[in-house]
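The structure appears right after this line, and notes come after that.
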Amino acid sequence: MRARRNLLLFAVFVAATLLVCGLTYRLALNKARADQKSMGAAQLQIAALDLESILQKFEALPFALGFQSDVRQVLQHPEDELAVDRLNRAFKTIQQQSRAVHIFMINPAGLTLASSNWDDEFSFVGRDFGFRPYFREAVLGRAGRFYGIGNVSSEPGYFIAQPIYRRQDQADGDVPIGVMVVKVDLAEFEHTWRSSDDPITLTDAGGVVFLSNRPEWKYHSLGPLAGNVQQELAGTHQYADLPITPVSALPAALQRGFGEHVSRPVGRLGWQLMLFPSQARMVRSATLSALAAALAMAALAISLLAWYQHRRRVQERLESRDALRRAAEELDHRIAQRTGELTAANQAIAVKYEKLQQTETLLRTTQNELVQAGKLAMLGQMAAGVTHELNQPLAAIRAFADNSVKFLARGQTAQVAENLEHISGASANMGKIIAQLKGFARKSGELVSAVDLRQTIEAAALLLGSEFQNHRVEIVIDVRQAAQVTGDAVRTEQVLINLLRNALDAVEEEPVKRVRVVLDVEDGQAVVRIRDSGAGIPDEVAPHLFEPFFTTKSSSKGLGLGLAISSSIVQAMNGQLTAHNHEEGGAEFIVRLPLLKTET
């Protein structure tokens, strides 16, 4: 019963809310429409005053031009070329100063005798404008006014025409001997109107739009044109014979804003200046008012609901007091029952928690052992790499030491001193390699500097010089262009030593033992090519050439880490190490490294 009553109250309130919102929307829409019309009328008044001022500014100009000294001379003696030229030039000067579009003079037959555009491609001189309404009015002794598209220049404008009489002090009964015409451009108003969000149009007496801030509406009518209006447009060529169709015939998107409007007459030709207030703005204003009314009704509903809830809460509090008393008694009984159940559950949880702790301890121990095993594996791999990298400097030290003994026996102390310096340098390089290993263990960044590849190649060749001599291998170094790269000199030298050592091993059993090293610059990269005269790289070996621990040599000659380490070093320097068989025979290893960028 209570639910049905509440539903009925809710339905009544919703109906009242809809009624209030509807009335508010209607009243607000009427007020917004009235306000928009009032503002539109004020805006039209300003625009009309501006338009009237422009029209009045040029109204007396054709009459005043009739007093030019050569006007009557040209009308009475059109064959006087000097007078015609003077008049043309005077018209042009006055047109430029007054900012009129054109000034021209027509004889009673409708033929143009002089014009301000006499020297233009589309000159009016010699043109027949007898069909224009402004000429027909002026030749009858009345001021002629007309707006249309020029049939010569195709430019729209407002034409003002005044009759010219034989005598300046016109007497009664005089017949005009010519017509003076001034053409004015009204397009400036369109540019001014474009600042308005609402459509503004200027229509002629027949309802044809000829000025508007909506270009797509121009030369369209407000409604279907009557037959006599269409005939008049065809006879005067007012709009260059354009097909005049209603604005309502345009696509829906181009009709946006067309509809209810405010208007104001302007000019002397029955023109109407119209403004189309935004219907969307009116609807938006009315909608906001309706939403405000809905919010007010919602606030009222919330207030009533709060008051109702307060009453219910007081009643429920009284009922809850009795319910709490009965619940307290039942709760005491249940607490005793639950306490026993919870005690047993806690004991079971304690046993499970102890097992979980044991499992967690076992997992942590296993995890630590796995981490330690990973560290040992990494240290083993590093030890193998360091052993391979230190093997070459140790061989060089041994070779220099042997040479020093021979030089010392011969008494060549200078060569001994030089070899000792090389031994010291090789020892220093070994120290740098060990220091780099320690730095890697500490995860510290490597120090980089400018590396001169020519010096690095020469240093690597020098360290292996004794081995090349012992094996009677010819080494040719061809430095075509010096190059510097960014990297570690020791690691770069180690790459070259590894590659030279591989080339040395490749030609050991060959009849022609030659290793060629070429340094060049290609496409912004330093390129080092190391080519040997050996048998080349077997097809089954090529895919695995840079894999760790892959080697075709005996265990006494290497662990298969040289090329893998060299490739890693080159990649760390943003370079590339590749290998292929040369077309003339033998293997060729190519090291490509970015050139050192110098500041300009």
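Just to be sure, is residue 501 open to solvent by 60 Å² or more (accessible area, probe 1.4 Å) and modelled with pLDDT under 90? So residue 501 fits the description; yes. Listed by first and then second residue, the pairs linking a residue in the stretch 38-57 that is part of a helix (DSSP H, G or I) to a residue that is open to solvent by 70 Å² or more (accessible area, probe 1.4 Å) and basic (Lys, Arg), with Cβ atoms under 6 Å apart and 6 or more places separating them unless they lie on different chains, are 44/264; 48/264. Across the stretch 18-71, the qualifying residues are those that are open to solvent by 70 Å² or more (accessible area, probe 1.4 Å) and basic (Lys, Arg), and the one among them that is nearest to residue 83 (Cα to Cα) is 57. Of 441, 417, 428, 461, all but one fail to be surrounded by 16 or more Cβ atoms within 10 Å (Cβ to Cβ) and either more than 18 Å from residue 566 (Cα to Cα) or at pLDDT 85 or above (or both); the exception is 461. When the stretch 234-260 is filtered for residues that are at pLDDT 85 or above and open to solvent by less than 40 Å² (accessible area, probe 1.4 Å), the ones remaining, listed by number, are 238, 239, 244, 246, 247, 250. A Cβ distance below 6 Å, combined with a sequence gap of six or more or placement on separate chains, defines the contacts here; from the stretch 201-220, residues that are under 20 Å from residue 268 (Cα atoms) and assigned to a strand (DSSP E or B) reach residues that are open to solvent by 10 Å² or more (accessible area, probe 1.4 Å) and among the polar types (S, T, N, Q) in the pairs 203/272. Note on the stretch 377-401: among residues that are open to solvent by 80 Å² or more (accessible area, probe 1.4 Å) and within 15 Å of residue 462 (Cα to Cα), the one that is modelled with the highest pLDDT is 398.
The strands (runs of 3 or more DSSP E) located wholly in the stretch 454-544 that include 2 or more residues which are under 48 Å from the mean Cα position of the chain (by Cα) occupy 484-487, 514-522, 525-532. Might you check whether a residue that is touching a residue at least 24 places away in the same chain (Cβ under 8 Å) and out of contact with any helix residue (DSSP H, G or I) (no Cβ under 9 Å at 6 or more places or on another chain) occurs anywhere in the stretch 5-24? No: zero hits. Examine the stretch 173-180 for a residue that is in contact with a helix residue (DSSP H, G or I) (Cβ under 9 Å, 6 or more places away or on another chain) and in a loop (DSSP other than H, G, I, E, B), and state whether such a residue exists. The answer is yes, given that some residue of the stretch 173-180 is in contact with a helix residue (DSSP H, G or I) (Cβ under 9 Å, 6 or more places away or on another chain) and in a loop (DSSP other than H, G, I, E, B). Sub-6 Å Cβ pairs linking a first residue in the stretch 391-412 that is free of Cβ contacts under 8 Å to residues at least 60 places away in the same chain and closer than 12 Å to residue 430 by Cα to a second residue that is crowded, with 16+ Cβ neighbours inside 10 Å and not small (Gly, Ala, Ser), at least 6 apart or interchain, are 397/423, ordered by first then second residue. You will find that of 488, 539, the residue that is modelled with pLDDT under 90 and crowded, with 16+ Cβ neighbours inside 10 Å is 488 and no other. Among the residues of the stretch 551-578, those that are at pLDDT below 60, in contact with a helix residue (DSSP H, G or I) (Cβ under 8 Å, 6 or more places away or on another chain) and open to solvent by less than 80 Å² (accessible area, probe 1.4 Å) comprise 558, 559. Checked against (1) modelled with pLDDT under 90; (2) farther than 26 Å from residue 451 by Cβ; (3) surrounded by fewer than 21 Cβ atoms within 10 Å (Cβ to Cβ), residue 597 passes all but condition (2). Here residue 229 meets the list (1) under 30 Å from residue 131 (Cβ atoms); (2) in a loop (DSSP other than H, G, I, E, B) almost entirely, failing just condition (2). Residue 522 falls short on exactly one of the conditions (1) open to solvent by 30 Å² or more (accessible area, probe 1.4 Å); (2) touching a helix residue (DSSP H, G or I) at 6+ places or on another chain (Cβ under 7 Å), and that condition is (2). Checked against (1) under 28 Å from residue 28 (Cβ atoms); (2) without any contact (Cβ under 8 Å) to a residue 40 or more places away in the chain; (3) in contact with a Phe, Trp or Tyr (Cβ under 8 Å, 6 or more places away or on another chain), residue 252 passes all but a single condition, namely (3).
What are the residues in the stretch 170-204 that are exposed (fewer than 13 other Cβ atoms within 10 Å of the Cβ) and over 46 Å from the mean Cα position of the chain (by Cα), if any? Answer for the stretch 170-204, where residues must be exposed (fewer than 13 other Cβ atoms within 10 Å of the Cβ) and over 46 Å from the mean Cα position of the chain (by Cα): 171, 172, 173, 175. Quick one: would you say residue 263 is in a helix (DSSP H, G or I), surrounded by 10 or more Cβ atoms within 10 Å (Cβ to Cβ) and at pLDDT 85 or above? Spelling it out, it is not the case that residue 263 is in a helix (DSSP H, G or I), surrounded by 10 or more Cβ atoms within 10 Å (Cβ to Cβ) and at pLDDT 85 or above.
For every residue, the table says whether it meets (1) out of contact with any strand residue (DSSP E or B) (no Cβ under 7 Å at 6 or more places or on another chain); (2) over 14 Å from residue 178 (Cβ atoms).
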{"site": "92", "(1), (2)": "yes, yes"}
{"site": "95", "(1), (2)": "no, yes"}
{"site": "106", "(1), (2)": "no, no"}
{"site": "120", "(1), (2)": "yes, yes"}
{"site": "126", "(1), (2)": "no, yes"}
{"site": "151", "(1), (2)": "yes, yes"}
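Scanning the stretch 92-134 for residues that are under 16 Å from residue 60 (Cα atoms) and out of contact with any Phe, Trp or Tyr (no Cβ under 6 Å at 6 or more places or on another chain) turns up 94, 95, 97, 98, 99, 100, 101, 102, 105. Candidates in the stretch 99-127 are the residues that are of a type in the set (Phe, Trp, Tyr) and outside any strand (DSSP E or B); of these, the one that is surrounded by the fewest Cβ atoms within 10 Å (Cβ to Cβ) is 122.
The values are calculated or read from the model by the stated rules, or taken from the named source; none is laboratory data. This structure is a prediction, so every number in the text was calculated from the model and none was measured. Quick reminder, even Gly has a Cβ in these numbers, built from the backbone with ideal geometry, and neighbours come from all protein chains shown. Protein only, heavy atoms only, side chains kept; ligands, DNA and RNA dropped before computing areas. Shrake-Rupley method; radii C 1.70, N 1.55, O 1.52, S 1.80 Å.
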